[in-house]
1. With the structure loaded, tell me whether residue A:83 is modelled with pLDDT of 95 or more and out of contact with any strand residue (DSSP E or B) (no Cβ under 9 Å at 6 or more places or on another chain) or whether it fails that test.
2. Among the residues of segment A:276-333 satisfying the criterion of being without any contact (Cβ under 8 Å) to a residue 40 or more places away in the chain, open to solvent by 40 Å² or more (accessible area, probe 1.4 Å) and small (Gly, Ala, Ser), which is farthest from the other protein chains (Cβ to nearest Cβ)?
3. Given the options A:73, A:65, A:46, name the one that is hydrophobic (A, V, I, L, M, F, W, C), free of Cβ contacts under 8 Å to residues at least 60 places away in the same chain, out of contact with any strand residue (DSSP E or B) (no Cβ under 9 Å at 6 or more places or on another chain) and under 20 Å from residue A:330 (Cβ atoms).
4. Any idea which of B:37, B:49 is at negative phi, buried (at least 16 other Cβ atoms within 10 Å of the Cβ) and outside any strand (DSSP E or B)?
5. In segment B:131-143, which residues are open to solvent by 40 Å² or more (accessible area, probe 1.4 Å), within 14 Å of chain A (Cβ to nearest Cβ) and not in a loop (DSSP other than H, G, I, E, B)?
6. Do we find a residue being away from chain B (no Cβ under 14 Å), within 30 Å of residue A:219 (Cα to Cα) and open to solvent by 40 Å² or more (accessible area, probe 1.4 Å) anywhere in segment A:255-264?
7. What are the residues in segment B:58-76 that are open to solvent by less than 50 Å² (accessible area, probe 1.4 Å) and either free of Cβ contacts under 8 Å to residues at least 24 places away in the same chain or part of a strand (DSSP E or B) (or both), if any?
8. Against the definition (more than 14 Å from every other protein chain (Cβ to nearest Cβ), in contact (Cβ under 8 Å) with a residue 12 or more places away in the chain, under 22 Å from residue B:149 (Cβ atoms) and among the β-branched types (Val, Ile, Thr)), how does residue B:37 come out, yes or no?
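The values are calculated or read from the model by the stated rules, or taken from the named source; none is laboratory data. Since we're looking at a predicted model, the values are computed, not measured. Cβ: placed from backbone, ideal geometry, glycine included. Neighbour counts: every protein chain shown. For the accessible areas, the whole protein counts, side chains as well, though only heavy atoms, and no ligand, DNA or RNA atoms are used. Shrake-Rupley method; radii C 1.70, N 1.55, O 1.52, S 1.80 Å.
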Amino acid sequence: MEHATFQPIAPRPAPVRTEGVGPWLKRNLFSNLPSTVATLLFVAMAVWWLPALFNWGLTQAVFAASADQCQAARGSGACWGVVTEKYRLILFGRFPYDEQWRALIATAVMVGMVVVSCVRLFWKPWLGLIWLVALAVFFGLMFGGFAGMEFVATDRWGGLPLTVLLATLSIVLAFPLSVAVALGRRSNMPAIKTVCVLYVELIRGVPLISVLFMASFMFPLFMPPGTSIDVLLRVLVGITLFQAAYMAETVRGGLQAIPKGQQEAADTLGLSYWQAQRKIILPQALAMVVPGIMNSFIAMFKDTSLVTIVSLYELTGAMSLALNSDSDWRPFKIEAYIFIAAIYFVFCFSMSRYSLWIEHRLSTSKNR
Amino acid sequence: MTEPIITFEKVNKWYGNDFHVLRDIDLSVAKGERIVICGPSGSGKSTLIRCINRLEEHQQGTLKVDGVELTDDVKAVEQVRKEVGMVFQQFNLFPHLTVLENLTLAPMWVGKLPKKEAEERALQQLNRVRIAEQAGKYPLQLSGGQQQRVAIARALCLTPKIMLFDEPTSALDPEMIKEVLDVMTELAGQGITMLCVTHEMGFAKAVADRVIFMDQGQIVEENTPHEFFDNPKSDRTKDFLSKILGH
C-alpha cells in the first residue's frame, strides 16, 4: 500500500444565506397550500381589523376629560378621557389627594430598587443594607406622621404603590421560603419532611382567595381580644405562604434534575450539607428553573389584584373604585381596563425579558 | 508489619431487603499499598470502595479507616473524608464552576485556606496532571480525559492519604484512556494508598501490589498481579479472565 499523509482540511465559516424577499416569502409564508391559506387569512383579518382599531383608539378617540364628549363618541371612538380624569385615583387609590406625591416617590424608590437589584454589578452585601433604607423610606413616605406629613393608615393605601409593595415583598419573602421548603421536602429527617409536604399540599389544595379571606377575616378571631395585626401585613403573609408553596415545587423540580454524583462529589470533598447546597446544588438547580420561577413571579405580580376582595384597593381595585363611584364615567370601564392592563404589561413584560437575559447569561458561560 | 490503613472485618451490606451486595468482606490494606479491584458488573466492587468514604453505609461488621471506625457518628465520617479522595466514573466535576474554582472550593470551605494559597495549591495539582493551561475554562469545555484529570487534581488538593478510583476510565473515549492512566501511574509511584476499581488489566499489571477479584458480593481471590494473571486459582477467576483478556 502506498504511503499516505493525512491532510486536515482547514475549517471554513458556514455559508451565509443570501436570498431576496421573494424566495423568503415563498419559503416562510407560501410554501404549501395550508400555509398559503393561513397567510391570506391573517392578512385579511389584519386589513379588516387594524384600521377599525386605529380609528377607535386614535382618530375617533376622545382624550379630553369630558364625559359629554365621551358619551357622544360612544361606539365609534375610545374614551381616553376617563384616564385623564381618573388617573390619580386609579394610580393612588384613596391616598389623600394632596399627599399623593409621597406615594409617587415611594413607588419610584421601590421600583428603582428592584431595577437596581437586577443588575449584577450591584450584587454586593451592601445591597441588603440599601434595601433596608429603601424600605424605611417607602414606609416613611407612605405612613407619614412626621416632618409635617399627614399620617396615612394602611387602609387608605391603594393603587400602584400597593401593587408594587405587595408584589415586591411577597416575591422577596416567598422565594427564600420556597427554597427552604423544597430542601425540606427532600430532607432525610422525617419531621421536617412531613411538615414541608403537609404545608405544600394544604396550601395547594385551597384557592388564593380563601387564603386571603382567612388572613383577613378569620385570623383575627383566633387572636386574643385587643391585639390586632395590620390587615396589610396579614394579607402579605397570606400571599407569601401561598405562592411559596407553588414555587417550592418548581424549585424541587430543579433539585431533582441535579445528578446524584454532584452531591456525592461534594460529600467526598468533605463539604457540609449547607455548603454543598449553597455552593453546588442550588446554583445549578435554580439556574435550571429560572423560567418556572419567573413564571411564578409574574403570576404573583398579577395575583395581587385579588386583595380587592378583602378591601385593599391596589391597582385593579382602585380602578373599579374610581369608576363605580362615579356614574358619569362608569360606562367607560373598558378604556380604564386597557390603561391598567398596559401598566401590568409593562411590569410583566420587563420581568419576562429579564428572565430571558438571565437564562442566556447562565447558559453561555458554561457550555461550549 | 505496620498497622493497616484500611480494615474490613466481616463487613456486610444489603440494598433493600434482599439484595445482599457485600458478603462477609475481610480485607486489610497496608499504608502505601496499590490495589486493583475487578469483577463482573454487580459484583459489589464499587460498593466496596464507596463504603470506605461512606458514600454507602455498611450494615454489619467493622470498617476502620486510618484508625477511625466508620459509624453513624458524623464526626468520624468527616474525619475519614478528610483523608480519602475519590475519582468517579462520570467525573462529577461541578459544571457551573471553572476548573480552578472546582479545585479551590473544598480547600477554601473545608480546609479554611485563604484564597491565594488555595489557588497556588490548585495550580500545583493541575501541573501535576499536566492541565494547568485549562484553569480558567469550564469543565464542559474540556474533553473527557481532561475532565477526569481535573477530577484527580481536585481530589489531590485536599492532600488525601488514600485515593479511591471508581472505574475512572470506563466513560472515556479510547484515545483518552491513556492520558488518565499515565497520571494514575505517576501517582502510584508517589507512595499514596490507592484502591482502584478498573478493568484496565495493563494498568493492574504495571502498578498494582495486589489484585482483588470480586463476584456476587464476595472477594473470590486476591493475589499479586503476576500470580493473579498467570496462575489464577479459582474457576470463577479463570472464567472471568478468559472473557476480558480473550478478545
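1. no
2. A:327
3. Being hydrophobic (A, V, I, L, M, F, W, C), free of Cβ contacts under 8 Å to residues at least 60 places away in the same chain, out of contact with any strand residue (DSSP E or B) (no Cβ under 9 Å at 6 or more places or on another chain) and under 20 Å from residue A:330 (Cβ atoms) holds for just one of A:73, A:65, A:46, which is A:65.
4. Values: B:37 fails: outside any strand (DSSP E or B).
Only one candidate passes the filter, namely B:49.
5. B:140, B:141
6. No, the conditions are met nowhere in segment A:255-264.
7. Kept after step one, since they are open to solvent by less than 50 Å² (accessible area, probe 1.4 Å), are these residues of segment B:58-76: B:58, B:61-63, B:65, B:68, B:70, B:76.
Within segment B:58-76, B:61, B:62, B:63, B:65, B:68, B:70, B:76 meet the criteria.
8. Working: more than 14 Å from every other protein chain (Cβ to nearest Cβ): yes; in contact (Cβ under 8 Å) with a residue 12 or more places away in the chain: yes; under 22 Å from residue B:149 (Cβ atoms): yes; among the β-branched types (Val, Ile, Thr): yes.
So residue B:37 passes the test.
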